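Shown next, in structure tokens, is the structure this report addresses.
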Amino acid sequence: VMSRVIAEQLTSLIARSGNVLIMGHSNPDFDSVGACVGVARLCMHCGVSPKIIINRSHQSFLDCTERLCELPEYHDIFIDSAAGMDLICSDTLLIIVDANNLTILEDSSIVENVNAVAIIDHHRKTSELKKEPVLTYIDPSASSACELVTEVLEHCLPVGSLQKEEATVMLSGIMVD
């Protein structure tokens, strides 16, 4: 029930946003990257072109996205923090996955500069943001952030719309975590 409610709220937030930035923690792993990718697919389904803020030179990122980056929709989806900062406008939604602690995010200054933040995480809540998130889905009983994102996607995406490469990265996140 909770994932269905979150799915409805998240799709509504995405659809109302001018742009969506997605960010996980620094030193990305399969769970962080997979959750970002799952949320990106949801954004694409809602008609919004997302950007994922990530360190593209990190070896873990390269390992996680080798096949994914061959897909046309992922050629320019991964950006660095500076490019992310340039994209922020009044109706930007930042979706944070696999983290809820500002100190481990890819770039915490982005959180401070957006008006709307949503969090999807499987770690215990560790800190408060200066601004209240518009959506919080934190479930420490989940195995991974990819598990939570997958549950949301089950309520939103038509069967067969998740690409094999996306599903592989997300399953890897579930398995590794």
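Observations
- Label reach from Cys89 (point 7 Å along Cα→C-beta): in region 29-49, amide nitrogens under 17 Å belong to 47-49.
- Each peptide in 42-53, 161-172 receives the mean, over its residues, of other Cβ atoms within 10 Å, and ordering these scores from highest gives 42-53, 161-172.
- Within region 1-127, antiparallel bridges make up roughly 5 percent of the DSSP beta bridges whose residues both belong there.
- Protection proxy ranking, peptides 125-132, 71-78, average beta carbon neighbours within 10 Å, highest first: 71-78, 125-132
- Under the simplified labelling scheme, the Ala82-Leu135 pair shows an inter-label distance of 3.1 nm, with each label point 7 Å from Cα along Cα→Cβ.
- Residue-span extension gain [His58 to Val1] - 0.36 nm each, minus C-alpha spacing: 16.8 nm
- Under 10 Å, Cβ to Cβ, from Asn19 - net charge with Lys/Arg +1 and Asp/Glu -1: 0
- Overall, the chain carries a charge dipole of about 340 debye about its Cα centre when +1 sits on the Cβ of Lys and Arg and -1 on the Cβ of Asp and Glu, all other atoms neutral.
- Under the simplified labelling scheme, the Ser49-Met175 pair shows an inter-label distance of 3.3 nm, with each label point 7 Å from Cα along Cα→Cβ.
- A simple charge model with +1 on the Cβ of Lys and Arg, -1 on the Cβ of Asp and Glu and nothing else charged puts the dipole of region 1-69 at about 260 debye relative to its Cα centre.
- Gyration tensor (alpha-carbon) shape descriptor, region 1-118, a/c threshold 1.5: rounded
Each reported figure results from applying straightforward, stated rules to the coordinates on display, with no laboratory input. Note that the structure is predicted; figures quoted are calculated from it, not measured. Backbone-built Cβ (ideal geometry, glycine too); neighbour counts: all protein chains shown.
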